[in-house]
Amino acid sequence: MTAEPAIWSALPLPALIVGAPDTIDAVNGPAEGFLNRSARALRGADVCRIVRPDGGMDAALGRVRRNAAPLTLHDTDVAVGPGPSIRCDLHLAPLGDDRILVLVAPQEIAGRLNRARSSRRAARSVIGLAEMLAHEIKNPLAGITGAAQLLSMNLSGDDAELTDLIVAESRRIVKLLEEVEQFGNLRPPQRRAINVHDVLDRARKSAMVGYAAHMELVERYDPSLPHAWADPDQLQQVVLNLLRNAAQVGKQGGTITLRTFYETGLRVSRPDGSGDAAPLQIEITDDGPGIPPEMANNLFEPFVSGRENGTGLGLSLVAKIVAEHDGWITTESVPGRTTFRISLPMPPRGT
Ligand SMILES: Nc1ncnc2c1ncn2[C@@H]1O[C@H](COP(=O)(O)OP(=O)(O)O)[C@@H](O)[C@H]1O
Ligand SMILES: [Mg+2]
């Protein structure tokens, strides 16, 4: 193909080049994932049998050729392979030499990526604030607590209650600051090839004797899952934060499911053309009330909390750690079923 190769590999969405007569000339990495077939298997194949939008691919390609103008099919159901069809926006553009560029924007993936991107930005913006807050507030607060404790020695009854209140509230602020400080203190991940299931197991055991004691934890692990390229302590922190949130909304006897599986579908290309594949999937699903819809779009932002006494830092720390692992975190929630999915890369070749 003659199109600028860097642009081609930087495209974050499945893209195909269709030659005459309606055969596939080239596909990019995301298209291989989306269509679940290798580039070699796809080259030369009849595109109308492989990408099947409502109204037919041949009709769409015919219109583009006739009008020599681009065409977008919005909200069209595209069938690929034997699975259920996927709702997409399909963009077709003539390349001027009888070939047509077909860009597939699956709505679910597009939505997921947007949310994941905004969570990366949010995670970065909190770091500077975190260090400033922790330093500026913790020291005077220690002074206030100490002074209240001194005062209380000469007080009794109602007055002592007030100094107790100062001390208790100060402790709460210190706890919040310590959570904030985790951002500033977070060292870069020490990544190595690790077994994800070991990490999940440790997190599960610790949750079961702690805040998730009232829940049932179910494991659905893919035993053949390859190793991940991750910092086990930081990954455990991520899983613990997600388990804690699930347990906090869970009823007595509710279920949290930990699931792992391998999926090549979600693949993201960096601007320099190198690809981020994150095929290892970890899902944590609860049967609680679901994420309040008004929070769904800024869930990973710092200080966004739906709980009384919540700091809203748990998920932004999660987002920060996952981003530093070149991974993605996405979520889907309806009442009765909330899933957080972490997508992680495998160890680099040769390690
Ligand atoms: N599994 C879940 N089900 C429903 N709501 C959730 C879940 N996980 C997180 N949330 C919502 O997201 C908010 C933010 O979570 P988080 O960042 O951990 O902060 P915090 O737990 O301190 O509130 C929670 O307060 C809650 O409203
Ligand atoms: Mg939390």
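The values are calculated or read from the model by the stated rules, or taken from the named source; none is laboratory data. For clarity, every value in this text was computed on a predicted model and none was experimentally measured. We place every Cβ from the backbone using ideal geometry, glycine too, and count neighbours over all the protein chains shown.
Couple of notes before you dig in:
- Selection status of I329, within 12 Å of ligand 1 (Cβ to nearest atom), at pLDDT below 95 and assigned to a strand (DSSP E or B): yes
Listed here are the residues, each with its yes/no results for (1) in contact with a helix residue (DSSP H, G or I) (Cβ under 9 Å, 6 or more places away or on another chain); (2) at pLDDT below 90; (3) not basic (K, R).
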| residue | (1), (2), (3) |
| --- | --- |
| A6 | no, yes, yes |
| P12 | yes, yes, yes |
| V18 | yes, no, yes |
| F34 | yes, yes, yes |
| A39 | yes, yes, yes |
| P53 | yes, yes, yes |
| R63 | no, no, no |
| H74 | no, yes, yes |
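- Flag if A246 is of a type in the set (A, V, I, L, M, F, W, C), in contact with a strand residue (DSSP E or B) (Cβ under 9 Å, 6 or more places away or on another chain) and at pLDDT below 95: no
- The stretch 309-326 residues that are near ligand 2 (Cβ under 10 Å from one of its atoms), paired with ones that are of a type in the set (K, R) (beta carbon under 8 Å, 6 or more apart): G314/R244
- Sub-8 Å Cβ pairs linking a first residue in the stretch 234-245 that is under 14 Å from H325 (Cβ atoms) and hydrophobic (A, V, I, L, M, F, W, C) to a second residue that is within 12 Å of ligand 1 (Cβ to nearest atom) and outside any helix (DSSP H, G or I), at least 6 apart or interchain, are V239/I284, ordered by first then second residue.
- Residue match in the stretch 211-222 (condition: closer than 19 Å to P279 by Cβ, modelled with pLDDT of 95 or more and crowded, with 17+ Cβ neighbours inside 10 Å): no
- Looking at L177, L151, L200, L155, just one residue is part of a helix (DSSP H, G or I), surrounded by fewer than 16 Cβ atoms within 10 Å (Cβ to Cβ) and among the aliphatic types (A, V, I, L, M), and that residue is L151.
- Condition broken by V78, with the remaining ones in (1) modelled with pLDDT under 85; (2) assigned to a strand (DSSP E or B); (3) out of contact with any Cys (no Cβ under 7 Å at 6 or more places or on another chain) satisfied: (3)
- For the stretch 203-232, the tally of residues that are touching a residue at least 24 places away in the same chain (Cβ under 8 Å) and in a helix (DSSP H, G or I) stands at 5.
- The set of residues in the stretch 282-294 being touching a strand residue (DSSP E or B) at 6+ places or on another chain (Cβ under 9 Å), more than 6 Å from ligand 1 (Cβ to nearest atom) and either of a type in the set (K, R) or not in a loop (DSSP other than H, G, I, E, B) (or both) consists of I282, E283, I284, T285, P293.
- Test: D276 is farther than 24 Å from V218 by Cβ and either at pLDDT below 95 or within 15 Å of ligand 1 (Cβ to nearest atom) (or both): yes
- Boolean, S125 is of a type in the set (S, T, Y), loosely packed, with under 14 Cβ neighbours inside 10 Å and either under 33 Å from the mean Cα position of the chain (by Cα) or at pLDDT 90 or above (or both): yes
- Check on V199, away from ligand 2 (no atom under 16 Å from the Cβ), of a type in the set (V, I, T) and over 21 Å from T330 (Cβ atoms): no
- Residues (near ligand 1 (Cβ under 8 Å from one of its atoms) and of a type in the set (A, V, I, L, M)) located in the stretch 295-316: M295, L299, V304, L313, L315
- The number of residues in the stretch 297-307 that are out of contact with any Pro (no Cβ under 9 Å at 6 or more places or on another chain), modelled with pLDDT of 85 or more and either more than 14 Å from ligand 2 (Cβ to nearest atom) or not β-branched (V, I, T) (or both) comes to 6.
- The residues of the stretch 155-199 that are of a type in the set (A, V, I, L, M, F, W, C), within 22 Å of the chain's Cα centre (by Cα) and within 25 Å of S305 (Cα to Cα), listed by number, are V180, F183, L186.
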